[in-house]
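The values are calculated or read from the model by the stated rules, or taken from the named source; none is laboratory data. Worth saying up front: this structure is predicted, and the values here are computed from it rather than measured. With ideal geometry, Cβ positions are generated from the backbone for all residues, glycine too; neighbour counts draw on all protein chains shown. Protein only, heavy atoms only, side chains kept; ligands, DNA and RNA dropped before computing areas. Shrake-Rupley method; radii C 1.70, N 1.55, O 1.52, S 1.80 Å.
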Amino acid sequence: MKFVIVGAGLVGASLAVALSADGHECVLYDRFDLVEAALQANGRPVTVSFGDVGGHVMIQTNGLRILKRMGVLQQVLDAGLISPTVCTSKMDGTKPLRVNMFVEGEDEDIKNPVQILRSLLHNILMRACDSSGVRCFTGKKLVSFTQSADAVECKFEDGSVAHGDFLVGADGVHSATRKLLFGPDLNAEFTGVVGYLGCVDLKMNYLDVDHPTTFHVDRLAKREVVMFRVSQDKLAWRVTEYAEPDKEATDSWRAYSNLPKESERLANMVEQWGLPQKYVECVRKSNRITPVTIYDLPDIPKFCEGRVFLIGDAAHGMRPNFGQGLSLGLEDVGTLRELFKKFPAPTDYAKVLDLYEKTRVPRTHNIAGRSRGMAATVYSDSAFGANLNHFKTRLFYLGINAGIVPHPNMYNYEDSLAAAVKEL
Ligand SMILES: Cc1cc2nc3c(=O)[nH]c(=O)nc-3n(C[C@H](O)[C@H](O)[C@H](O)COP(=O)(O)OP(=O)(O)OC[C@H]3O[C@@H](n4cnc5c(N)ncnc54)[C@H](O)[C@@H]3O)c2cc1C
């Protein structure tokens, strides 16, 4: 089977690796334009990785399971840092609480979440694509497609076309594939939250932090600063607040061009917020800062139509509060791989996509809903509400620590798929 995959981000690239391992032909098309990136860089070094956004990503047990099946887990573990717990506190570091993020009873290598730079993860996936013979074309922005009973044809902005048996929309939260498939009004909504993602070399700057992952929250002021150690030497951070989107923030996540100005501005800002000084210095000494705008895709009831299907953020882009967006995209990948393996006959493809939808739609809607609920407790408009939310969040975390509240990372896509197939 030939899959035209639009979007060579983390999820599109993962799908290409997973399906090509089973003998399918996968070709990636991404709108990212290397020439444009070189021009924008204005003489500065250009990173050819479109996953390089200065930020990090946490991959939890449910997502690591798929990376293990794809054969890239060890590289990911080597490039990142495990963080069995996260520490949450008030903005100034008081009232700390450690929350368990490991899954008891899981295989040792996937039991703990991994914190990793997006750029490194993307490089691992693109290298795996390369060694599996997956071609990736850049400068290919999808503008339209047509489909018949047994084939798809995609058109790109530069006038070129691609043909395949399936079109996979892995083109992110503002997916063109989704809008072309189900209607132009299926837009992701701006949440009111904007963020800044940064990265700092701890060793080079003589900095240190106590815990791999720390959340600093000011509910009343609606501000959050999170520090993620991604290796022995490197720390990634995320600052979020309610504000108007930054004019330099694009949905392709480009870094600020004037780093000294922005690092100084943001360091002064978080210092005023009351962040402990050692973390303020991490922001000040950043080597890359990217402004981002946080979106939420309203739940869409269908992920497939005919020979076109959506995966990752294109299907279920959500608020990042649970740190589950990528892991859910990886679950999509694992599910599709298993389904195409289990039902290889062309006459069974409708069954594959039906089972994909039956398992993935409820699962992803559930986590998107929980992420919205979680986001609602991070902020409050009154001092009373802020204290109440602080109390509710602590209760929730204590429930997780005690094993009473199930965490999304305990999900195993293989069990869910086996149950759905049994029901056939
Ligand atoms: C601030 C923040 C923090 C997050 N932290 C975490 C975390 O810790 N853990 C976690 O699991 N998730 C996290 N997420 C979510 C996670 O980043 C996403 O779920 C994940 O990146 C989705 O990957 P994707 O490949 O589906 O989409 P993307 O990474 O958005 O990739 C889409 C690709 O499609 C391309 N594209 C777009 N339009 C077109 C077009 N018309 N034609 C061709 N190509 C196109 C783009 O260039 C891009 O390369 C976070 C999200 C945010 C915003």
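Numerical summary
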quantity	calculated
About the Cα centre, charge dipole magnitude for the stretch 243-324 (Lys/Arg +1, Asp/Glu -1 at Cβ), debye	280
Dipole magnitude of the stretch 118-258 about its Cα centre (Cβ charges: Lys, Arg +1; Asp, Glu -1), debye to nearest 20	200
Accessible area of the stretch 265-357 divided out per residue, in Å², using a probe of 1.4 angstrom	32
Which listed pairs, of Lys222/Lys278; Lys68/Lys179; Lys247/Lys392; Lys90/Lys234; Lys140/Lys179, have C-alpha distances above 27 Å, in listed order	Lys68/Lys179; Lys247/Lys392
Dipole moment magnitude, nearest 20 debye, the chain about Cα centre, only Lys, Arg, Asp, Glu C-beta charged	600
Cα-based helix-to-principal-axis angle, 10-20 vs the chain, degrees rounded to 10	40
Net charge of neighbours whose Cβ lies under 15 Å from the Cβ of Ser327, counting Lys and Arg as +1 and Asp and Glu as -1	+4
Using alpha-carbon coordinates, inclination of helix 325-342 to the longest axis of the chain, degrees	20
Counted charge near Asp165, where neighbours are those whose Cβ lies closer than 10 Å (Asp, Glu -1; Lys, Arg +1)	0
The chain, accessible surface, carbon-and-sulfur percent (1.4 angstrom probe)	53
Residue-count net charge about Ile367 - beta-carbon cut-off 13 Å; Lys, Arg +1, Asp, Glu -1	0
Set of lysines near Lys422 by C-alpha distance (under 19 Å), chain-local residues within fewer than 8 positions excluded	Lys341, Lys342, Lys351, Lys358
Between 0 and 90°, nearest 10: helix 349-378 axis offset from the chain longest Cα axis	10
Global form of the stretch 165-235, assessed from the alpha-carbon gyration tensor, a/c cut-off 1.5	oblate
Relative contact order of the chain, pairs being alpha-carbon contacts under 8 Å that are 6 or more residues apart, as %	20
Among Pro260, Gln324, Ile294 - extreme Cα towards positive end, dipole of the stretch 240-395, charges at beta-carbon	Gln324
Expected 222 nm ellipticity per residue - DSSP helices of 4 or more, -39500 (n - 2.57), all of the chain, to 500	-12000 deg cm²/dmol
